[in-house]
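Presented below is the structure to which this report refers.
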């Protein structure tokens, strides 16, 4: 997310941040979560250190990754983010960052409504209680599901899953935050760090 935000400032693009159900994408694509593959977990832990150094973050591996990430998941906050994006879009990125920070910096939960309300209150998101209620509606659940399904149709197997849409051209997809040199190239620009 930090790479996207950084490059959005310097590229002639508009980024639409669309919450998706990562667990569904992993299962439906046949991918395996890092906790089930030791090499993947080891690499992800290394990447956290690289990201901390590069972006000035303070991420750390959750004490109980399987419980925090795999078992509890993030469906409630992701649906809340979907409602925020539809109603208070300027709060979408700050809220997503706050949820990420709770998991990856503070090792705090995000899976309950109480957790969501704590984040929303801290950010002073207008009508946050109404947005939480809206996140439970069929309309938001269906939108969240349709965005997940759309990502799957384009080949998603994890996140970030980036779709470059250019007028008059076929959509191009990229996985990961380390593909920006390809995106710059597709835009006809010289890559900048």
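Can you tell me which residues in the range 13-23 are crowded, with 18+ Cβ neighbours inside 10 Å and either outside any loop (DSSP other than H, G, I, E, B) or in contact with a strand residue (DSSP E or B) (Cβ under 9 Å, 6 or more places away or on another chain) (or both)?
20, 22 - these are the residues of the range 13-23 that are crowded, with 18+ Cβ neighbours inside 10 Å and either outside any loop (DSSP other than H, G, I, E, B) or in contact with a strand residue (DSSP E or B) (Cβ under 9 Å, 6 or more places away or on another chain) (or both).
Just for the range 24-56: of the residues that are outside any helix (DSSP H, G or I) and more than 16 Å from the chain's Cα centre (by Cα), which one is farthest from residue 143 (Cα to Cα)?
The qualifying residue farthest from residue 143 (Cα to Cα) is 56.
So which of 76, 125 ends up being more than 16 Å from the chain's Cα centre (by Cα), farther than 27 Å from residue 178 by Cα, crowded, with 17+ Cβ neighbours inside 10 Å and modelled with pLDDT of 95 or more?
Going through 76, 125 in turn, just one is more than 16 Å from the chain's Cα centre (by Cα), farther than 27 Å from residue 178 by Cα, crowded, with 17+ Cβ neighbours inside 10 Å and modelled with pLDDT of 95 or more: 125.
Residue 56: exposed (fewer than 15 other Cβ atoms within 10 Å of the Cβ) and modelled with pLDDT under 95, yes or no?
yes
Within the set of pairs 6+ apart or on separate chains, which have a first residue in the range 17-45 that is at positive phi and touching a residue at least 12 places away in the same chain (Cβ under 8 Å), a second that is surrounded by fewer than 18 Cβ atoms within 10 Å (Cβ to Cβ) and outside any loop (DSSP other than H, G, I, E, B), and C-beta atoms under 7 Å apart?
none
Can you name every residue in the range 170-193 that is modelled with pLDDT of 95 or more and loosely packed, with under 11 Cβ neighbours inside 10 Å?
170, 171
May I ask you to verify whether residue 151 is assigned to a helix (DSSP H, G or I), closer than 26 Å to residue 48 by Cβ and modelled with pLDDT of 95 or more?
It is true that residue 151 is assigned to a helix (DSSP H, G or I), closer than 26 Å to residue 48 by Cβ and modelled with pLDDT of 95 or more.
Being closer than 23 Å to residue 27 by Cα and exposed (fewer than 15 other Cβ atoms within 10 Å of the Cβ) is true for just one of 137, 148, 154. Which residue is that?
Step by step, each of 137, 148, 154 is checked, and only 154 is closer than 23 Å to residue 27 by Cα and exposed (fewer than 15 other Cβ atoms within 10 Å of the Cβ).
Write out, first by first residue and then by second, each pair whose Cβ atoms fall under 8 Å of each other, whose residues are 6+ apart or on separate chains, and whose first residue, in the range 64-86, is in contact (Cβ under 8 Å) with a residue 40 or more places away in the chain and on the phi > 0 side of the Ramachandran plot while the second is buried (at least 17 other Cβ atoms within 10 Å of the Cβ) and part of a loop (DSSP other than H, G, I, E, B).
73/111
Would you check if residue 100 is surrounded by 13 or more Cβ atoms within 10 Å (Cβ to Cβ), outside any helix (DSSP H, G or I), under 13 Å from the mean Cα position of the chain (by Cα) and touching a residue at least 60 places away in the same chain (Cβ under 8 Å)?
no
The values are calculated or read from the model by the stated rules, or taken from the named source; none is laboratory data. Please read these numbers as outputs of a predicted model, since none were measured by experiment. Counting neighbours? That spans all protein chains shown, and the Cβs are built from the backbone with ideal geometry, glycine included.
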